[in-house]
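The values are calculated or read from the model by the stated rules, or taken from the named source; none is laboratory data. Because the structure is predicted, anything quoted here is derived from the model rather than measured. Cβ atoms come from the backbone with ideal geometry, glycine included; neighbour counts cover every protein chain shown.
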């Protein structure tokens, strides 16, 4: 399965020494040049930077440029930084199976465009689950891809006396113990 990532999930996963999960979960991980530049612009010694540099050096974190220039509606472009915009459009352009982003406006626009979306927590959750990962036809239909959280539905759930929590598909025992990564 092919995924395009923006900077946030790469940075977050590198902070907790779990960047390698992307290599294990996906067949291809691609970032646009703006994302590469953003994640490598940190000063030497920045937490996780060495892991990101190693992923590029090992070749499993790849860079691909957009074939066409950025083309987003002004309202969308104003809500996204350059890396998020390039990642969104690259995912669409190369027909990636998933866009990996934690950014709410990017997630909303990706869903509006019919792209599968997962964030850092979704990657960690999927890594914890036994069996098939983000690979194969199920993932491209969205069934293996957690949906972005709709904050309005959580708010409605809260206002109706609900817990305000979002179901991540974890068993009761998984919900009450720390996340142990595979």
- Task: State whether the residues of the range 39-54 include one that is part of a helix (DSSP H, G or I) and under 16 Å from the mean Cα position of the chain (by Cα).
- Result: yes
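Could you tell me which of the residues 108, 58, 93 is free of Cβ contacts under 8 Å to residues at least 60 places away in the same chain and closer than 17 Å to residue 2 by Cβ? I'd like the intermediate steps shown before the answer.
Details: 108 fails: closer than 17 Å to residue 2 by Cβ; 58 fails: closer than 17 Å to residue 2 by Cβ.
One residue alone meets the criteria, 93.
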- Query: Mind checking which pairs have a first residue in the range 40-51 that is within 13 Å of residue 16 (Cα to Cα) and a second that is modelled with pLDDT of 95 or more and assigned to a helix (DSSP H, G or I), Cβ under 7 Å, 6 or more apart or different chains?
  - Reply: 47/15; 48/11; 48/14; 48/15; 51/14
- Message: Please go through the range 1-24 and give me each residue that is surrounded by fewer than 21 Cβ atoms within 10 Å (Cβ to Cβ), touching a strand residue (DSSP E or B) at 6+ places or on another chain (Cβ under 8 Å) and touching a residue at least 60 places away in the same chain (Cβ under 8 Å), ordered by number.
- Response: 2
- Residue satisfying condition, being within 14 Å of the chain's Cα centre (by Cα) and surrounded by 14 or more Cβ atoms within 10 Å (Cβ to Cβ), within set 90, 80: 90
- Restricting attention to the range 106-119, the residues that are touching a helix residue (DSSP H, G or I) at 6+ places or on another chain (Cβ under 9 Å) and surrounded by 21 or more Cβ atoms within 10 Å (Cβ to Cβ) number exactly 8
